[in-house]
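Trainee: Please find one structure pasted underneath; my questions will follow.
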Amino acid sequence: MIAARLSILFLFTSMGIDAAHTEQGWTAAGTKNGVTLTFRDDPQLNAREVRAVAELPHAAGQITPVVCDFTQALDPDTREARVLSGELGGRYEIYLRYASRYMVVSARDVVLDIRPEANGCTWSEVAGRVPPQSGAVRMPLLRGSWTVEPIDASRSRVTYQIAVRPGGHIPGWMV
């Protein structure tokens, strides 16, 4: 499980950038260390969606439980992860609080509804479930998914897709 978790963390940290157009409205942002990054602007969400795709040397059954368990701190900036309802492996709601990476940016928090899917999970923000904590800015949009497709018994194609509006006064170009 540790190797699977490290490989998933690799997805977050190894994305390259260069521009070319791809089909279905997605723009290629590059490939680095086996991770292909694309993006598109979604006018309905008023946000940019980002997608990362990689092949990992682990069976899908090892990866899915790791990436769909939001109680585990895959993001090193996670300071609190508290399940509010439901249970892991099924549908559940979780409160997440993230520390700021930058001194001039406030901490963020969000409540997510995590839904298992046949080959991964999806999530979206839940408005009004709990009030924002003192010192944190509530994220008005955090939606995404993990899709884990088996290639063979020991390899999988993993797709991470996310759209976020962090709230506060962070300019869109910085997000």
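The values are calculated or read from the model by the stated rules, or taken from the named source; none is laboratory data. These numbers were taken from a predicted model, which means no experiment stands behind them. All Cβ positions, glycine included, derive from the backbone under ideal geometry; neighbour counts span all protein chains shown. Surface areas here come from the heavy atoms of the whole protein model, side chains and all, with no ligands, DNA or RNA. Shrake-Rupley method; radii C 1.70, N 1.55, O 1.52, S 1.80 Å.
Trainee: Could you tell me the relative contact order of the stretch 43-109? Use alpha-carbon pairs under 8 Å, at least six residues apart, and round to a whole percent.
Mentor: Reported as a whole number, the value is 20 percent.
Trainee: Does the stretch 58-175 come out rounded, prolate or oblate, given a ≥ b ≥ c as the square roots of the eigenvalues of its C-alpha gyration tensor, rounded meaning a/c under 1.5 and, failing that, prolate meaning a/b above b/c?
Mentor: Prolate, since a/c reaches 1.5 and a/b exceeds b/c.
Trainee: Here is a follow-up. So what is the accessible area of the stretch 57-175 per residue, in Å², with the probe set to 1.4 Å?
Mentor: For the stretch 57-175, the solvent-accessible area averages 53 Å² per residue.
Trainee: Separate question: Could you check the spin-label model distance between residue 129 and residue 40? Points 7 Å from the Cα along Cα→Cβ, value in nm.
Mentor: 2.7
Trainee: Give the residue list of chymotrypsin sites (Phe, Trp or Tyr not before Pro) in the stretch 87-141 that are DSSP loop and have at most 13 other beta-carbon atoms within 10 angstrom.
Mentor: In loop regions of the stretch 87-141 (DSSP not H, G, I, E or B), the sparsely surrounded chymotrypsin sites (Phe, Trp or Tyr not before Pro) are 102.
Trainee: Considering only protein heavy atoms, what is the solvent-accessible area of residue 55 at a probe of 1.4 Å, reported in Å² to the nearest 10?
Mentor: Result for residue 55: roughly 100 Å² accessible.
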